[in-house]
Structures are given as structure tokens and as C-alpha cells.
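The next block holds one structure in the form of C-alpha cells; read it before the comments.
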Amino acid sequence: MSRPTLAALALLTLAAAQAGGALAADAPATTPETEAPAEASGQALTANLTLASQYRYRGLMQSNGKPAVQGGFDFTHASGFYLGNWNSSISWLNDGNDAVSAPVEMDFYGGYKGQLAPNVPVDLGVLQYYYPGDYPSGYTSPDTTELYAGIGYGPLTFKYSIALTNLFGFADSKYSQYFDLSGNLDTGVWGLILNAHVGRQAMRNVDDGSYTDWKLGVTKDFGQGLSVSLAYLDTNADRAVYTNTRGRDMGRATGLLSLTKTF
């Protein structure tokens with residue numbers, strides 16, 4: 001099976017941004033954070049490209065602490081319906097395991113965003129995590145499908161996700177759930193936005209697999225679609241469960257720096 005490279009991933013993102021004309025963006029693995037402005041046609045296409053010091057998802061390392069290239073596209077209709085794709089370089093599936101070759105995560109999602117009431121946005125959708133690659137016979141597929149529902153009020157957002165399949169390669173973990181409470185508050189200082197998050201991964205049929213993760217950081221928007229984020233992340237994930245094949249604690253505390261360009 002042919003596998004996408006990091007260079008191809010970056011070029012694909014940039015090419016789509018150029019092809020879209022005037023395009024208006026932690027990722028993952030994730031739905032668009034803001035509504036894209038509807039154009040005269042009632043629809044809009046946006047693209048984003050990120051360089052990150054590493055890739056963390058739900059607090060766990062996905063690139064073994066090494067830099068990651070990320071990017072994606074979002075199509076939004078004036079009705080509120082949207083489709084999107086997001087991609088990132090990864091290494092967690094093949095770290096220390098020569099029998100596995102899966103260097104890229106590809107996410108595909110679609111859903112509906114609307115207003116339940118003034119200043120109360122809602123978001124409903126489905127998300128498919130896809131990990132193309134080569135796996136040995138009998139390997140539990142890491143591919144995962146989740147349904148999600150989110151509601152916001154002011155700077156706060158609560159999102160609930162439930163897996164309709166095994167979760168990220170854990171056998172018999174169907175119907176595992178994730179609870180996400182996040183906030184983005186304008187500090188009034190140099191245009192800095194304070195980013196705060198706490199999440200709870202509830203794992204089914206995985207002893208000591210459930211854990212809590214949290215994040216505190218700031219984002220600076222420099223205009224022209226360019227922004228920089230700096231954050232501190234940590235978890236209480238059980239090291240006996242979440243240690244990769246290279247012996248590294250996947251949920252240990254870390255800092256994360258990222259540069260994002262939206263088109």
C-alpha cells in the first residue's frame with residue numbers, strides 16, 4: 001500500500017489553498033473552531049497548515065515528542081452544514097514496532113453548526129480517524145469512528161464524543177466516551193487569547209485506561225491568517241497503560257508550540 005509522505009501532505013494542503021482562490025482554520029483531530037464566512041454563493045472553503053513542536057491528542061503524544069506537520073480543509077455551507085479533512089504526521093503506531101508502518105493520521109468529518117439561542121452555538125457531527133499503512137495479520141485496527149455533540153455559551157464550549165468502533169486500537173473498547181470542556185478568553189493584553197481545557201477519556205473494558213487531561217495556554221493572532229500558540233499540557237494517564245514501545249510515558253507533562261497559517 002502506498003503511504004503519503006510529510007512533504008506530500010504539506011504540498012497537498014498548500015495546493016488546495018491556492019486552488020480555492022480566496023480561502024478564509026490542537027488539533028485533531030478536530031472540527032473547525034470558528035464559522036467560515038459565507039460567500040455570495042452561500043458557501044466557503046478554508047484551509048490551514050500548522051507546524052507544531054509535537055502532536056498531542058487528548059493529552060497523549062502522537063509523534064513521540066518530535067515536530068509534526070499538520071493541515072486540512074473545511075467546506076462550510078450557509079445552512080450550517082459542513083465537511084472537512086485534517087491530517088497530521090504521527091509515529092505512535094510504529095514507534096519501536098518495525099511490523100507497523102503508519103506515518104499519517106487522516107481525519108474526515110461532517111456535521112451541522114447552528115444557534116440553539118443567541119450566544120448558544122451547537123455542533124453535531126461524525127468524525128472518522130483513518131490511519132493508512134501496513135499492519136501485521138491480526139493487528140487491531142486503530143481506525144476509529146466517533147459521533148460528537150457540542151454546545152457553547154460565551155467563551156466556553158462543552159463537547160461530548162462517543163466511539164462507535166474500537167477506540168484507537170484498544171480491543172473491545174467500543175462506546176468509549178470523551179468529555180471536553182474548553183474556554184477561550186480575551187485577556188485584553190496584546191491581543192492574547194487565554195486557552196484553557198480539561199477533558200476526560202472514559203475507556204470501556206480497558207483496565208486503568210480512563211484518564212483526565214488538561215491544558216493552559218495562550219494564542220496570538222498576527223493577522224493575515226497567521227497565529228502562534230504556546231501551551232502547557234498534562235494528564236493523569238496510567239503510565240502502565242500509556243507507555244509506548246520506546247518506553248516513553250505518552251501522557252507526561254509537556255510544553256507545546258505551534259505556528260498556524262489559514263487561507
Straight distance only, please: which lysines reach the Cα of residue 220 with their own Cα at less than 25 Å, same-chain residues fewer than 8 apart left out? 66, 159, 261
Want the number for residue 246 to residue 151: 0.36 nm per residue separation, take away the alpha-carbon distance, what's left? 30.3 nm
On average, how much area does the Cα convex hull of the stretch 62-127 cover when viewed from any direction, in nm²? 6.0
Taking θ = phi - 60°, what integer Hz values does the Karplus form 6.51 cos²θ - 1.76 cosθ + 1.60 yield along the stretch 213-224, in sequence order, with x for Gly and Pro? 10, 8, 8, 9, x, 9, 10, 10, 9, 9, x, 6
With every protein chain left in place, what is the accessible area of residue 141 in Å² (1.4 Å probe, nearest 10)? 60
What is the gain in length, in nm to one decimal, between residue 257 and residue 186 on full extension, counting 0.36 nm per residue of separation less the C-alpha to C-alpha distance? 23.6 nm
If you rank 214, 92 by how much accessible surface each has, with a 1.4 Å probe, what is the order from largest down? 214, 92
Which whole-number percent gives the relative contact order of the stretch 112-263, counting Cα pairs below 8 Å spaced six or more residues apart? 13
Could you sort 58-67, 108-117 so that the peptide with the highest average Cβ count within 10 Å comes first and the rest follow in order? 58-67, 108-117
How big is the Kirkwood radius of the stretch 152-263, worked out from every pair of different alpha carbons and given in Å to one decimal? 16.0
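The values are calculated or read from the model by the stated rules, or taken from the named source; none is laboratory data. None of these values were measured; they are calculated from a predicted model. Virtual Cβ from ideal backbone geometry, glycine too; neighbours counted across all protein chains shown. Note: accessible area is taken over every heavy atom of the protein model, side chains too, but ligands, DNA and RNA are not part of it. Shrake-Rupley method; radii C 1.70, N 1.55, O 1.52, S 1.80 Å.
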